[in-house]
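Where a number appears in this text, it was derived from the coordinates with a stated rule and is not lab data. Everything quoted here is computed from the prediction, not taken from an experiment. Quick reminder, even Gly has a Cβ in these numbers, built from the backbone with ideal geometry, and neighbours come from all protein chains shown.
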Amino acid sequence: MYAFTYQRPTTVAEAASAIQAEEAKLLGGGQTLLPTLKQRLARPSDLIDLSGIPELKGIREVDGGLEIGAFTRHAEVAHSDLVKRVIPSLAGLAEGIGDRQVRNMGTLGGSIANADPSADYPSAVVALKGLVTTDRRTIAGDDFFTGMFETALEPGEIIKAVRFSRPDKAAYAKFRNPASRYAIVGVYVARFGAEVRVAVTGAAGSVFRADAFEAALAADFRAEALNGLSVGADGLNADIHASADYRAHLVTVMAKRAVEAAG
Amino acid sequence: MANPNGIGASVRRREDQRFLTGRGNYTDDFKRPNMTHAVHVRSPYAHARVLGIDPADALAMPGVVAVLTGADMEADKVGSLPCGWQIHSKDGSPMKEPPHYPLARDRVRYVGDAVAVVIAETREQARDAAEMVVVDYEELPAVGSSTRAIDGAATLVHDDAPGNVCYDWHLGDKAAVDAAFAQAAHVARIDLVNQRLVPNAMEPRAALGEYDASSGEYTLTTTSQNPHVIRLLMGAFVLGIPEHKLRVVAPDVGGGFGSKIFHYGEEAVVTWAARKIGRPVKWTADRSESFLTDAHGRDHVSHAEMAMDADGNFLALRVSTLANMGAYLSTFAPSIPTYLYATLLAGQYKTPAIYAEVKAVFTNTSPVDAYRGAGRPEACYLIERLVDVAAGVMGMDKTEIRRRNFVPADAMPYQTPVALQYDTGDFAKNLDIALPLVDYPGFQQRRAESKARGKLRGIGFATYIEACGIAPSNVAGALGARAGLYECAEVRFHPTGSVTVFTGSHSHGQGHETTFAQIVAERFGVPIENVEIVHGDTNKIPFGMGTYGSRSLAVGGSALVKAMDKVERKAKKIAAHMLEAAETDIEVKDGRFTVAGTDKSLGIGDIALQAYVPHNFPLDELEPGLDEQAFYDPKNFTYPNGCHVCELEIDPDTGVTTIVNFAAVDDFGNVINPLIVEGQVHGGLVQGIGQALYENCVYDEESGQLVTGSYMDYCMPRADDVPSFTVRYHEDQPCTHNPLGVKGCGEAGTIGAAAAVMNAVVDALSDYGITHMDMPATPEKVWRTIRDATPALAAE
């Protein structure tokens, strides 16, 4: 990697100040940024390591759900008794991210700020009516992801925590890339009373909601309700691991499996 | 009393303590005073002319010591990397053997081809500066695959290889095969691809060059499976350094799978540069470089046909294979799709006539050479897929068609129609052991149960035989090898009875430090702790040809036995002298030397001490010392063989394949350490399963860019992808021509597994009329195959 200035602030305010440096980058768990640096594909002037900021950490039960600090590692979410009790499907999602090494390093905030189209967490933020709290404002999960590797975050804006609503029933079903173990397709189905949310990650440039699936499941929350429904292959991702029409097919399969798992 | 750590004992690997606690000593761990670091500037193009190289900006960077190019090497008369095996085409002409310079001179021929080396005080400085070397390329059209290479319009990778053909070779009796096909009742046919693989050793390649100006001696420390071979190839052909001035050390090496047999340009670059700049030079590949520049494996496109009589007896086999050599000939590349492939096409069957044609071509891709199994997995895969198709043609059970055509055990030794003579093997017995392990009679019921759950279940068999213990030098020489393939060992008893063994075999994961010590402990009754195995240093080991082709125990172990025979003969002389008896009266058992019919005896330790304290030796008849050396050249190859069975389940909704049971029955001859053998089988099976289901090295056909250049896209098998294996072996058919009766176990798993898995995949899809699928059976490929075979679903 190229040389950079390393900084490790202890408060969000300090981090917000440090990130003003030109070409500065925030460092979460480093599971995307560090390999990028090692490959010399990025050349930040400063690396602002967020690991020393207590206010970014922790999992709290809040009215109607959970609030998880941005610098909470995937393994902490996966193993949290609180998460397992309040939103067990979220713990299950975290347990399926990458591999053990990735889960022990990667963070929630890092994942959603990077907005990799194949990342798992974006589906949870959207399906669980997430609210992303930053050092400047709160952004609704539905508005947060704006495109491939693009979010509503302004330059230098720092995610502090994400609030997830507790669904009545929910499950995340993932078809993982056998090589990278990212999601080729991941479908998060969550039911809140009469409302059903179906958030799809991996399939397209950014996480999206499958409206027709949501309507069908709102009427009849059974896998069979999705028979014959497809998100269509237009605009979906295609690579050597999965073509667009295969991804479209998998969205339906994974959505059905999520419904079945949600019970 | 048998030695608890002798032959047949599952002794835990002695080397693992150091490996597992981070105390291994790998090439990149070596640090020398005043050492510099090298980073190669590599071509981003698959094919281009190099119009010029401007190092000025790089030389101005901090810490840069030198920027050296192919022109500098040419000025110093550095030669081409040699090829160790010459093949002749059908018309008798020698293969095309274009030069392969360590640093390209005027043209680059694959992405990763090195054009310059930057040497700096630190690795990061060298990397920074390497980005500043300005290379003026004129891009040329690229040849990204073997099929494209022989398309008449293809550009030439080498101007002196018309049609991109390296050789067009054949083996077998074409007339006899044509005659058999003419009268065949049934013919089975298959077209298949054995896809290219990246070896992916855990330790990337590395090389450290040193030059001692006072002695004029060079030292190369390198990640090699055969340091003496590198000394010969690099010393004699590339750098012109005589053996006595060139030391090659291959210390702990973290896996090779064949990819570290070969002499690579980086080894010559650091050795040459060390003298040029007067400082040690170290290069260590990063993982991206490993993907781009380690010699790849496999890459065959084949058509095969089996002629049968009305009862399913094999009459003749006809095979045509297109083999990709890559951009240049790697050290043993030409031998892999010829003498390590076509000679194995008889498999376990008594097919009376076989004819194989192999066309090897150049492409703008990384060189292709031996990779675990090297030719034999390709042969096994082709035969065993074809036999399954033949069973379908005949409407026969897949085990029955095999059984009907096996070479019977009582036909051994058996001369195949493709040059080899199998010494031993009981193929029906392997199958008999395997069938109960997988409850074959219960399979149809399990299949029905899976179907009830919406899953497709398949079972696949693969029988294999391999030619290992490479090789009798006279045979290899007659077939074009430019080296002998014997092995050397030295057994040195020290005065207090401990033993140092020097072996020309090289362990890069095989556990020689344990296995070889067991052989010595058994023979002389010494504690295993008192036996040290030394390998991997041309200044310590008398000579060696290294480790590949499952040869260490069969060839290196046999050399060890020969050296121990000599030690014993000498010890007998000393014992006779000490015990005042005739040498013919000395009996030897478990390291004790006894005068027959008396209680007068000596242990080997007493004798060793006396050998080095020869106060009353009759020096005319008896030399001091107990240190003997032997070379062993095998009389034949060894023929490990076995039967692998895979049972799996496919989820038709996603195309995901899950292996539910895998049984491997192998005949490795005698087994020294069952634990190590089982580990070798496990690793081999996973590599074979990896090829069948996951791994695929993809180049873009148009641009020649490596698409699968990282673990994000190149899928390695992981522990949770494979089941617990059922592994059995039997020792009823020991090798008849080496003293240990061993056959070798290093490659077997990889050879049988891919065919067993793919036969099971196709079996699972048989209800859809599927008769073949190319590897890897990725989820999308399986799903698409099912969908395309199901018009109703396709229309949905």
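Solvent-free Debye calculation, one equal scatterer per alpha-carbon of segment A:61-123: log10 I(q)/I(0) at 0.14, 0.15, 0.20, 0.22 Å⁻¹ equals -0.35, -0.40, -0.72, -0.87. Exposure proxy ranking for B:SER710, B:SER552, based on other Cβ atoms within 10 angstrom of each Cβ and starting from the fewest, stands as B:SER710, B:SER552.
At a Förster radius of 30 Å, what calculated FRET efficiency corresponds to the Cβ-Cβ distance of B:MET712 and B:ASP774, to the nearest 0.05? Intermediate values should be presented prior to the final figure.
Details: r = 23 Å, r/R0 = 0.76.
So the FRET efficiency works out to roughly 0.85.
Around the Cα centre of chain B, unit charges on the Cβ atoms of Lys, Arg, Asp and Glu (plus for the first two, minus for the last two) sum to a dipole of about 460 debye. Free of any GluC sites (Glu not before Pro) that DSSP assigns to a loop and that have at most 11 other C-beta atoms within 10 Å, the longest stretch within chain A is A:24-263. Rounded to the nearest 20 debye, the dipole magnitude of segment A:5-51 is 260 debye, with +1 charges on Lys and Arg beta carbons, -1 on Asp and Glu beta carbons, and the Cα centre as origin. A quarter of the convex hull surface defined by the alpha-carbon atoms of segment A:169-262 gives 5.3 nm² as the mean projection.
Tell me whether segment A:5-51 comes out rounded, prolate or oblate; compute the Cα gyration tensor, take square roots of the eigenvalues as a ≥ b ≥ c, and use a/c under 1.5 as the rounded threshold. Since a/c reaches 1.5 but b/c is at least a/b, the shape of segment A:5-51 is classed as oblate.
Between the listed residues B:GLY52, A:LEU41, A:THR252, the Cα displaced farthest toward the positive end of the dipole of the protein assembly as shown, a dipole computed from Cβ unit charges relative to the Cα centre, is found at A:THR252. Counting only residues at least eight positions apart within a chain, or on another chain, the lysines with an alpha carbon under 21 Å from that of B:LYS260 are B:LYS282, B:LYS540. The residue among B:VAL229, A:THR11, B:GLY752 whose Cα reaches farthest toward the positive pole of the charge dipole of the protein assembly as shown, with charges on the beta-carbon of Lys, Arg, Asp and Glu, is A:THR11.
Quick one: order B:VAL656, B:VAL65 by neighbouring beta-carbon count within 10 Å, fewest to most.
Working: B:VAL656 18, B:VAL65 21.
Taking fewest neighbouring Cβ atoms as first place, the list is B:VAL656, B:VAL65.
Give me the distance between the Cα centres of segment B:385-435 and segment B:287-317, rounded to whole Å. Cα centroid to Cα centroid, the span is 18 Å. Of the trypsin sites (Lys or Arg not before Pro) in segment B:407-453, the ones in a loop by DSSP (not H, G, I, E or B) with at most 15 other beta carbons within 10 Å are B:ARG453. Segment B:618-659 and segment B:507-582 have Cα centres spaced 17 Å apart. Ordering B:ILE770, A:ILE240, B:ILE354 by the number of other Cβ atoms within 10 Å of each residue's own Cβ, fewest first, gives A:ILE240, B:ILE770, B:ILE354.
Placing unit charges on each Cβ (+1 for Lys and Arg, -1 for Asp and Glu) gives the protein assembly as shown a dipole about its Cα centre, and among B:VAL269, B:TYR26, B:VAL389 the Cα reaching farthest toward its positive end belongs to B:TYR26. Counted as membrane-span-like here are DSSP H helices of chain A whose alpha-carbon atoms extend 20 Å or more along the helix's own axis and whose Kyte-Doolittle mean is 0.0 or above; these are A:244-262.
Listed by chain and number, the lysines whose C-alpha is less than 22 Å from the C-alpha of B:LYS600, apart from same-chain residues fewer than 8 away, are B:LYS570, B:LYS572, B:LYS573, B:LYS589.
Given Cβ point charges of +1 (Lys, Arg) and -1 (Asp, Glu) and nothing else, what value in debye, to the nearest 20, does the dipole of the protein assembly as shown about its Cα centre take? Magnitude of the dipole: close to 1040 debye.
Shape analysis of segment B:451-542 places it in the oblate category; the axes a ≥ b ≥ c from the Cα gyration tensor give an a/c of at least 1.5, with a/b not above b/c.
By the gyration tensor of its Cα atoms, with a ≥ b ≥ c the square roots of the eigenvalues, what is the shape of chain B: rounded for a/c under 1.5, prolate for a/b over b/c, or oblate? Don't skip to the answer; put the middle values down first.
Numbers: a/c = 1.81, a/b = 1.10, b/c = 1.64.
Oblate, because a/c is 1.5 or more while a/b does not exceed b/c.
Of the cross-linked pairs A:LYS129/A:LYS174; A:LYS25/A:LYS84; B:LYS90/B:LYS174; A:LYS84/A:LYS174; B:LYS245/B:LYS566; B:LYS429/B:LYS451, those separated by over 22 Å at the C-alpha level are A:LYS25/A:LYS84; B:LYS245/B:LYS566; B:LYS429/B:LYS451.
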